[in-house]
Amino acid sequence: MATALKINGKQHQVDLPDDVPLLWALRDEVGLTGTKFGCGVAACGACTVHIDGEAVRSCQVTLSDVWGDVTTIEGIGSPDAMNALQQAWVEHQVAQCGYCQSGQIMQAAALLAENPAPSDAEIDEAMQGNLCRCGTYPRIRAAIHDAAGKLKEA
Amino acid sequence: MASVGKILRRTFLIGSAAIVGGVAFGAYYVSRPAANPLKPGEGQAALNPFVLIDQNGVTLFAPRAEMGQGVKTTWAALIAEELDVDLDQITVLHGPAAAAYYNSALMGESLPNKGYDISDFQHNLGEALGVLGKALSLQVTGGSTSMKDGFERMRQAGASARETLKQAAADRLGVDRSALKTASGHVIAPNGDQIPYTELATDVAKLEPIEAPLRDPSEWRYLGQTQPRLDMVEKATGTAEFGVDVRLPGMKFAAVRMNPKLGGAMNGFDDSTAQSMPGVEKIVDLGTGVAVIANNTWLANQAVEAIDVDWGDAPYPPDTDGIFAKIAEAFDDAPNSTMRDDGDVDVTPEGATEITAEYRLPYLAHATMEPMNATALYTGGALELWCGNQAPTLIRFRVANTAGLDTEAVQIHTTYLGGGFGRRGELDFGEIATKVAMAMPGTPVQTTWSREEDMRHDYFRPGAIARMRGAVQDGKAVLIDGKVAAQSCTQQAVTRYTGMPGAGPDKVLVEGFFNQPYAVPNYRMSGHIAKLDVPVGFWRSVGNSHNGFFHETFMDEMAHAAGQDPLEFRLELMRSEHAPSAGCLEAVKEMSGWTGKTPDGVGRGVAFTYSFGTPVAQVIEVVDEDGTIRINKAWIACDMGLALDPENVKAQMFGGMMYGLSAACYGEITFADGEVEQFNFPDYDALRMHTAPQVEVRVLETNRHMGGAGEPGTPPSMPALGNALFDLTGERARTLPLIDQFNLLV
């Protein structure tokens with residue numbers, strides 16, 4: 001039943017039935033808890049990860065359906081080496097409870113990879129699947145614009 | 001808890017005695033310092049319950065839970081201000097569940113005054129009653145009290161620590177303490193030599209703590225300034241540990257199903273299918289529900305869903321209509337409280353125009369982003385529990401009872417909270433996780449609720465009905481007679497927490513209703529308690545969350561009946577009553593460029609609520625875009641007196657507003673066959689990136705007493721939006737959610 005997964009550049013063997021969603025392999029088996037469980041029905045975006053660079057809801061992708069390399073929040077930066085979005089998140093003091101922010105950042109990272117200078121309308125479009133019950137949206141928007149600007153300069 | 005009643009009976013003695021300057025026995029009893037919970041080890045000095053200095057540095061035990069409100073950072077700033085350490089040199093941990101972390105401000109809120117008109121006498125009485133928090137061992141994060149509670153105590157802790165460190169250095173150097181200075185975690189000798197605090201820790205442990213006066217605010221370096229939040233890097237990198245992220249060696253994962261007919265019995269279950277499902281290790285009969293322990297949360301959840309359970313009926317009417325009929329019946333009984341009764345409301349003044357309205361608001365779920373969960377390790381003689389919670393001493397007491405242990409045998413580890421909003425002040429998730437772990441002694445078990453389980457087993461914001469009668473004359477309100485009926489979450493919670501029946505006038509039921517700063521000569525506000533057993537609890541801003549809507553929607557209706565601009569109408573009644581409140585209205589008027597007129601396709605509404613000591617005014621603008629209505633902009637002004645961290649206050653204000661707007665637009669918990677009909681976010685949505693307004697916040701600082709920040713942003717948002725929709729469409733929202741009545745953007 002073992003499934004081979006490449007997560008954040010490292011190879012893992014996951015010994016779970018192949019209908020288990022990727023989220024639960026990451027959290028309970030691999031120990032990468034930065035990716036959060038929020039709803040289990042792709043309605044909140046807390047579990048967003050990248051598969052081959054594409055933002056997906058890991059609660060909806062079964063182990064047998066993982067089609068490429070997986071990147072989680074732990075894979076895009078660390079407290080000592082944050083990426084541009086994470087830095088912008090800190091600079092704009094975005095998080096309140098912080099539970100949804102891994103998913104928000106992963107969604108925003110996929111947006112910027114595809115569209116380096118998104119408009120407000122494009123941010124609305126890309127980010128509307130990611131719920132934040134603390135209502136941090138104004139600061140998320142500002143942080144995305146800021147990170148986009150910094151990435152352009154770099 | 002048998003002693004609680006005895007302590008409560010001393011309440012008046014304590015308060016009164018403290019005010020007249022006498023020292024009664026009761027005052028001595030409750031003033032006695034709590035045992036220091038930090039129990040310093042060899043080579044450590046615990047100077048007071050809040051700060052620990054050892055060879056590794058300065059560790060602050062924050063007695064309040066970080067649930068997004070920034071309390072961790074502001075508490076650190078309070079102590080750093082006096083202790084002379086840099087903010088980034090402090091390690092902040094949640095304090096252990098301990099009696100020393102009593103929440104004095106929470107008890108002060110129970111006084112039967114309006115709050116905004118608090119005199120110094122009453123303020124002192126409130127402070128004196130605050131010692132009761134200690135007597136009841138309340139370590140609660142709630143009621144927007146953290147900063148009010150910590151403001152003095154944390155700075156005193158820092159000042160005392162600083163002076164005692166200086167004394168230790170003075171003894172070592174053979175100089176007078178007054179010759180020494182402190183900066184950045186060092187004592188500085190007259191010759192410029194620096195001794196790190198960490199080196200003095202052992203010496204300090206031998207000294208009696210020294211009391212020191214607090215610094216003048218003009219000397220502050222941190223307070224009043226925005227600080228980078230200490231939890232931000234962790235939260236931006238996925239490294240912050242929430243309850244659901246706790247990982248322990250050999251840990252198992254469990255899922256749970258409790259009776260969806262809330263409070264009903266479990267008649268039996270058939271687990272034959274679940275037994276053989278993948279990953280399943282054990283099925284646990286919880287008496288009133290079932291749990292499955294497995295090697296993976298998802299597998300546990302699949303199995304628990306496969307159990308066929310025969311559920312008993314709920315102890316309340318099975319559907320929403322029946323429940324609201326019971327709420328309406330409460331109007332037939334004498335009121336539980338009439339906390340405002342000015343003038344004579346029974347006679348409508350001669351020549352005045354009378355208006356009436358009835359409003360109805362639904363039950364609401366908290367819907368924190370992190371579903372309820374807790375991790376427990378039961379070893380027979382001891383229990384450890386890891387979870388995000390708002391009340392560690394209460395939860396410790398409860399799970400100790402569940403496990404049949406003394407509270408001393410129970411250790412509570414409080415993690416970050418993935419949202420609290422009042423939900424994590426409850427004890428059910430800890431109790432359930434304890435029962436589950438007791439089925440597998442020696443193995444840590446994490447019990448996580450599915451979103452559906454979380455949504456359908458809440459302690460809901462009570463559904464409420466208000467009946468309002470008012471009169472206007474010469475453009476002014478001359479009479480308001482309001483009645484609100486709802487379940488009492490206070491009485492239910494007292495029973496839940498202590499096992500004793502809650503009784504007496506419930507101030508929480510009428511907060512935001514009776515205590516609004518309007519000079520209306522004939523003004524009566526009453527609360528009626530509906531006798532129902534739907535589980536209800538504290539939802540961000542609690543009674544204010546429904547009463548703010550009732551009061552401020554009715555204010556708007558009266559303004560229109562009086563032919564006045566709704567903002568000016570309020571200001572007129574407020575200026576003479578409470579200047580800081582009027583100042584908030586003036587501020588949003590100026591910020592939004594309020595003229596009382598809006599172009600076609602644009603609507604604006606204003607509302608105001610005084611809650612938790614903080615007046616908040618909001619203006620909300622809606623726009624009609626080809627028949628779809630979008631919330632475009634919001635302006636907020638608040639006045640909490642001293643704002644210790646202004647940017648964090650702004651975040652709390654707009655966050656509180658978004659929480660209220662989410663409920664106003666989409667939030668509704670309904671019942672059928674005794675079960676909650678909403679399962680997950682698609683049935684109970686919230687504002688999202690594209691539906692959230694742009695927002696501007698102004699933080700005023702004229703109020704004489706410090707108010708709260710976490711909750712006061714919520715109440716005025718709902719009526720402000722309803723009033724804006726009236727301005728846009730001419731249709732009055734007398735019930736929520738608004739999505740049932742208006743074509744809102746989703």
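Bear in mind these aren't lab numbers, they're just calculated from the coordinates by the rules spelled out. This one's a predicted model, so the numbers in the text were calculated from it and none came from an experiment. Cβ sites come from the backbone with ideal geometry, for glycine too, and all protein chains shown count toward neighbours.
Brief remarks follow.
- Stretched out straight at 0.36 nm per residue, the stretch from A:GLU125 to A:GLU153 would grow longer than its current Cα-Cα span by 7.6 nm.
- Using R0 = 60 Å, the C-beta based FRET efficiency linking B:ASP216 and B:ASP333 works out to 0.65.
- Proximal lysines to B:LYS206, defined as alpha-carbon separation beneath 18 angstrom and excluding residues fewer than eight positions away on the same chain: B:LYS39, B:LYS166
- Proximal charge balance of B:VAL290 [Cβ under 9 Å; K/R count +1, D/E count -1]: -1
- Of the residues B:LEU394, B:PRO371, B:SER184, the one whose Cα sits farthest towards the positive end of the charge dipole of chain B is B:SER184 (charges of +1 on Lys and Arg Cβ, -1 on Asp and Glu Cβ, taken about the Cα centre).
- Dividing the mean sequence gap of close Cα pairs (under 8 Å, 6+ apart) by how many residues chain B holds gives a relative contact order of 13 percent.
- Cβ-based net charge around B:ARG467, under 14 Å, with every Lys or Arg adding one and every Asp or Glu removing one: -2
- Once each of the GluC sites (Glu not before Pro) sitting in a DSSP loop with at most 12 other beta-carbon atoms within 10 Å is removed, chain B keeps B:351-730 as its longest stretch.
- Residue exposure sequence - B:SER576, B:SER337 - by fewest surrounding Cβ within 10 Å: B:SER576, B:SER337
- Counting beta carbons within 10 Å around each of A:ILE76, A:ILE105, B:ILE79 and listing the fewest first gives the order A:ILE76, B:ILE79, A:ILE105.
- All other residues whose Cβ lies under 15 angstrom from that of B:ASP176 are scored, Lys and Arg at +1 and Asp and Glu at -1, for a net of +2.
- Only helical runs count toward this figure. For chain B, summing -39,500 (n - 2.57) over DSSP H runs of n ≥ 4 and dividing by all residues gives -9500 deg cm²/dmol at 222 nm.
- With contacts taken as Cα pairs under 8 Å at a separation of at least 6 residues, the stretch A:84-153 carries a relative contact order of 51 percent.
- Ascending count of other beta-carbon atoms within 10 Å, so fewest first, for B:LYS72, A:LYS150: A:LYS150, B:LYS72
- Residue mean of other protein chain beta carbons inside 10 Å, B:648-658: 4
- Förster radius 30 Å - calculated FRET efficiency between B:LEU93 and B:ASN267 (Cβ-Cβ, nearest 0.05): 0.10
- The mean number of partner chain beta-carbon atoms within 10 angstrom of a residue's beta-carbon across peptide B:297-303 is 5.
- With contributions of -39500 (n - 2.57) from each DSSP H run of at least four residues, the per-residue ellipticity at 222 nm computed over chain A stands at -10000 deg cm²/dmol.
- Loop chymotrypsin sites (Phe, Trp or Tyr not before Pro), the stretch A:1-102, which have at most 16 other Cβ atoms in a 10 Å radius of their Cβ (DSSP): A:TRP67
- Under the simplified labelling scheme, the B:ASP344-B:ASP533 pair shows an inter-label distance of 4.6 nm, with each label point 7 Å from Cα along Cα→Cβ.
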